[in-house]
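Read the figures in this text as sums done on the coordinates, not as results from a lab. Fair warning: this is a prediction, and the values are worked out from it, not measured in the lab. Cβ placement follows ideal geometry from the backbone for every residue including glycine, while neighbour counts extend to all protein chains displayed.
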Amino acid sequence: MAFYTKPSPFDCIIFDLDDTLYPETIGIGASVKKNIDLFLIEKCGFSQTKASTLRVELFKSHGSTLAGLRALGYDITAEDYHSFVHGRLPYDLIKPDIQLRNLLRTINQRKIIFTNSDRIHALRVLDRLGIKDCFEQIICFETINPNLPNSTRPDEFPVVLKPSLEAFKIAIHAASVDPRRTLFLDDSVRNVAAGKEMGLHTVLVGKKGKSKVGEYVVECVNSVELAQVIPEIWGMRMDDDDQKLKLARTNSELDAMLSAFTAVGA
């Protein structure tokens, strides 16, 4: 019986950034929440108790505190908000991830970042992880909100963010991808659901077991689990009757695949 490798069904892999390419347990997300509370207290005059409550309320109703504040009429620029909230983050908590870098280098498809965060934050995170050069494009806050700097009043251009379908439409257009041949990884159930609605193949990151939303679920990106759960990224081995074979790689072989670039990946 003859065997051959069937090409991957994915032409592009789109990754969320925060809590997707590094674990939530690092603590960056908790620091972001703390900084948002401080912003609401110091810049908007809310009490400490009200700040935490309002942050949660605005996230649920508008997708972010910034979006909610501008919708309420607060004349806050994205630059001021991001410099306050992200400028104080303990980026030193993010360490270079050689295994993640090695895995990304085994993926031959286009690799793109799609994040709600601003470009400066995205670049700092990718630089800290040691994977900035692994991605050909960063779709970020500035990409999906190009008109915001030109606004003359806070409510003139509503802030666009994931999980809004408008954000995904802008991202898909900016990336020039076919959703049917694109894999999207994100740690947010809401974002994954929106991506699925837009026709993307989806992966829910940071969870275990099955998901009603994502086609795939992986606990973390930087491990052999990704190759075990979604071997199609690297193509599938088929027999001459066009039948998919079971994944034949052992864990040690998958580990070897991830470490194949260790000598040049540091």
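Extending 7 Å from Cα along the Cβ direction at Phe84 and again at Lys207 yields two label points whose distance is 3.3 nm. Contact order for the range 28-89, expressed relative to its length and based on alpha carbon pairs under 8 Å spaced 6+ residues apart, stands at 37 percent. The calculated P(r) of the range 28-89, using every Cα pair and 5 Å bins from 0, goes 4, 20, 32, 31, 12, 1 in percent. The string of couplings for the range 156-172 from the Karplus curve (6.51, -1.76, 1.60, θ = phi - 60°) is 5, 10, x, 5, 9, 8, 4, x, 5, 5, 4, 4, 5, 4, 5, 5, 4 Hz, one whole number per residue in order, with x for Gly and Pro. Tilt of helix 48-62 relative to the longest C-alpha principal axis of the chain, in degrees (0 to 90, nearest 10)? Around 50 degrees separate the two axes. Applying Stokes-Einstein at 25 °C and 0.890 mPa s to the Kirkwood radius of the chain, computed over alpha-carbon pairs, gives a translational diffusion coefficient of 124 µm² s⁻¹. Relative contact order of the chain, taken over Cα pairs closer than 8 Å and 6 or more residues apart, is 26 percent. The Tyr74 and Asp133 beta-carbon pair, evaluated with R₀ = 45 Å, returns a calculated FRET efficiency of approximately 0.75. Distance cut-off 31 Å, Cα to Cα: go down the list Lys111/Lys207; Lys50/Lys169; Lys50/Lys111; Lys43/Lys208 and report the pairs above it. From the list (Lys111/Lys207; Lys50/Lys169; Lys50/Lys111; Lys43/Lys208), the Cα-Cα distance tops 31 Å for Lys50/Lys169; Lys50/Lys111; Lys43/Lys208.
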